[in-house]
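What follows is one structure encoded as structure tokens, with my remarks underneath.
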Ligand code: DGJ
């Protein structure tokens, strides 16, 4: 019989294996879908949807898993992740609560506010037919939670489904969200404490039908990756570039290369984050959804390469952080 302490010795990853089963340090499949990564005090924190439950069909015929909550994992090396618990759990005893198991809680993103020292989570909250279309906000004093739910709203009064957050170098933060029934991607500024919207927003991609946004900045330039709108099924990612978050965005082509690049390697963007201490090193995070059994959905993490005329995200069966040192 293998004891837990021995098991954690056995599971030692030394590289990334996109699309393969990824176990946490207890030997359990990582449950952090539609997620994001935050670096804080020498540790990385990975937040995502815990979908470790049975699939069911919603009343509008979409595969779903009842809300369990938002998981948090921690890691010092990005390969090996320790489960820190459900940082924002479902609320089972109030059927009207945004986080009731019968609802939808997706794409959690967490920023640290350097002024208040707080960790602020935004996520997409909805009902099972996706007509509520709101953003929820939760706050914690610790990166691993527990997060306290503050409520939800339609940002600047409009519907909001897939979403992400982006924090700029000067501390300004933005919500980037699909609106107008997913036809238009909107960029909205957050208040200085990141718990609300400050009222400024721009319609960045009108009638372009983009979702799954992921924003990052490199060498003064902003990049926005997104997918088309085909539910849990993959399509071609596109990248857009801009010199200003609230400026004019230019939608470019698919930056992926390799087999199945036009299907985003059978995955969908969720976040891009920089590796600490390594220059020009950003990791593209995507979800390889498994619609019939969402709990078994996998993760596709790949390095972003910067070129004179844009970025490239190349498929690799296995890779490690030395890729950034070459
Ligand atoms: C596509 C979105 O990107 C996912 O987050 C999820 O909402 C599915 N649609 C549901 O079909």
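Which of the residues that make up the stretch 187-233 are within 16 Å of the ligand (Cβ to nearest atom) and in a loop (DSSP other than H, G, I, E, B)?
We begin by selecting, within the stretch 187-233, every residue within 16 Å of the ligand (Cβ to nearest atom); these are 205, 208-215, 224-233.
Scanning the stretch 187-233 gives 208, 209, 210, 228, 229, 230, 231, 232, 233.
Do you know which residues across the stretch 234-255 are surrounded by 13 or more Cβ atoms within 10 Å (Cβ to Cβ) and either in a strand (DSSP E or B) or within 16 Å of the ligand (Cβ to nearest atom) (or both)?
Scanning the stretch 234-255 gives 234, 235, 236, 237, 238, 239, 240, 241, 242, 251.
Give me a count of the residues in the stretch 99-114 that are farther than 17 Å from residue 47 by Cβ and either more than 16 Å from the ligand (Cβ to nearest atom) or buried (at least 18 other Cβ atoms within 10 Å of the Cβ) (or both). Talk me through it step by step, then tell me what you get.
Step one: list which residues in the stretch 99-114 are farther than 17 Å from residue 47 by Cβ, which gives 100-103, 114.
Cutting the leftovers down to either more than 16 Å from the ligand (Cβ to nearest atom) or buried (at least 18 other Cβ atoms within 10 Å of the Cβ) (or both) gives us 100-101, 103, 114.
Final tally of qualifying residues: 4.
Is it the case, given these coordinates, that residue 144 is over 18 Å from residue 270 (Cα atoms) and either buried (at least 21 other Cβ atoms within 10 Å of the Cβ) or touching a helix residue (DSSP H, G or I) at 6+ places or on another chain (Cβ under 9 Å) (or both)? Walk me through how you get there before you give the answer.
Numbers: over 18 Å from residue 270 (Cα atoms): yes; either buried (at least 21 other Cβ atoms within 10 Å of the Cβ) or touching a helix residue (DSSP H, G or I) at 6+ places or on another chain (Cβ under 9 Å) (or both): no.
The answer is no for residue 144.
I'm told residue 161 meets every condition in (1) within 16 Å of the ligand (Cβ to nearest atom); (2) on the phi > 0 side of the Ramachandran plot; (3) surrounded by 15 or more Cβ atoms within 10 Å (Cβ to Cβ); (4) not in a strand (DSSP E or B) except one. Can you identify the failing condition by its number?
(2)
Looking only at the stretch 42-53, count every residue that is free of Cβ contacts under 8 Å to residues at least 60 places away in the same chain and in a loop (DSSP other than H, G, I, E, B) and tell me the total.
Adding up the residues that qualify gives 2.
Could you tell me whether the stretch 51-62 includes any residue that is farther than 25 Å from residue 314 by Cα, crowded, with 24+ Cβ neighbours inside 10 Å and touching a strand residue (DSSP E or B) at 6+ places or on another chain (Cβ under 9 Å)?
Taking the stretch 51-62 and keeping what is farther than 25 Å from residue 314 by Cα, we get 51-62.
With crowded, with 24+ Cβ neighbours inside 10 Å added as a condition, the list becomes 51.
When the remaining residues are screened for being touching a strand residue (DSSP E or B) at 6+ places or on another chain (Cβ under 9 Å), the result is 51.
The answer is yes; a qualifying residue exists.
Find the residue count for the stretch 67-98, including only residues that are within 16 Å of the ligand (Cβ to nearest atom) and in contact with a helix residue (DSSP H, G or I) (Cβ under 8 Å, 6 or more places away or on another chain).
0
Which one of these is free of Cβ contacts under 8 Å to residues at least 12 places away in the same chain, closer than 29 Å to residue 115 by Cβ and surrounded by fewer than 19 Cβ atoms within 10 Å (Cβ to Cβ): 191, 195, 202?
On the way: 195 fails: free of Cβ contacts under 8 Å to residues at least 12 places away in the same chain; 202 fails: free of Cβ contacts under 8 Å to residues at least 12 places away in the same chain.
Of 191, 195, 202, the one residue that is free of Cβ contacts under 8 Å to residues at least 12 places away in the same chain, closer than 29 Å to residue 115 by Cβ and surrounded by fewer than 19 Cβ atoms within 10 Å (Cβ to Cβ) is 191.
Can you tell me which of 117, 85 is surrounded by fewer than 17 Cβ atoms within 10 Å (Cβ to Cβ) and in a strand (DSSP E or B)? First the steps, then the outcome.
On the way: 117 fails: in a strand (DSSP E or B).
Just one listed residue meets the conditions, 85.
Going by the conditions given, is residue 170 part of a loop (DSSP other than H, G, I, E, B) and either closer than 25 Å to residue 88 by Cβ or within 20 Å of the chain's Cα centre (by Cα) (or both)? I'd like the intermediate steps shown before the answer.
Numbers: part of a loop (DSSP other than H, G, I, E, B): yes; either closer than 25 Å to residue 88 by Cβ or within 20 Å of the chain's Cα centre (by Cα) (or both): no.
No.
Given the structure, is residue 261 more than 16 Å from the ligand (Cβ to nearest atom), over 18 Å from residue 167 (Cα atoms) and either at pLDDT 95 or above or out of contact with any helix residue (DSSP H, G or I) (no Cβ under 6 Å at 6 or more places or on another chain) (or both)?
Values: more than 16 Å from the ligand (Cβ to nearest atom): yes; over 18 Å from residue 167 (Cα atoms): yes; either at pLDDT 95 or above or out of contact with any helix residue (DSSP H, G or I) (no Cβ under 6 Å at 6 or more places or on another chain) (or both): yes.
It is true that residue 261 is more than 16 Å from the ligand (Cβ to nearest atom), over 18 Å from residue 167 (Cα atoms) and either at pLDDT 95 or above or out of contact with any helix residue (DSSP H, G or I) (no Cβ under 6 Å at 6 or more places or on another chain) (or both).
Please name all residue pairs, on different chains or six or more residues apart, with Cβ atoms under 7 Å, provided the first residue is in the stretch 24-41 and is on the phi > 0 side of the Ramachandran plot and the second residue is within 16 Å of the ligand (Cβ to nearest atom) and assigned to a strand (DSSP E or B).
Listed by first residue and then by second, the contacts come to 34/48; 34/49; 34/106; 34/107; 34/270; 34/287.
Scan the stretch 245-258 for residues that are at pLDDT 95 or above, more than 16 Å from residue 285 (Cα to Cα) and in contact with a strand residue (DSSP E or B) (Cβ under 6 Å, 6 or more places away or on another chain) and report the count.
Adding up the residues that qualify gives 4.
Which condition does residue 226 not pass, out of (1) buried (at least 21 other Cβ atoms within 10 Å of the Cβ); (2) within 30 Å of residue 117 (Cβ to Cβ), if it passes all the others?
Residue 226 satisfies every listed condition except (2).
The values are calculated or read from the model by the stated rules, or taken from the named source; none is laboratory data. What you see is a predicted model; the values in this text were computed from it and never measured. Heads up, the Cβs are rebuilt from the backbone with ideal geometry, glycines too, and the neighbour counts pull from every protein chain shown.
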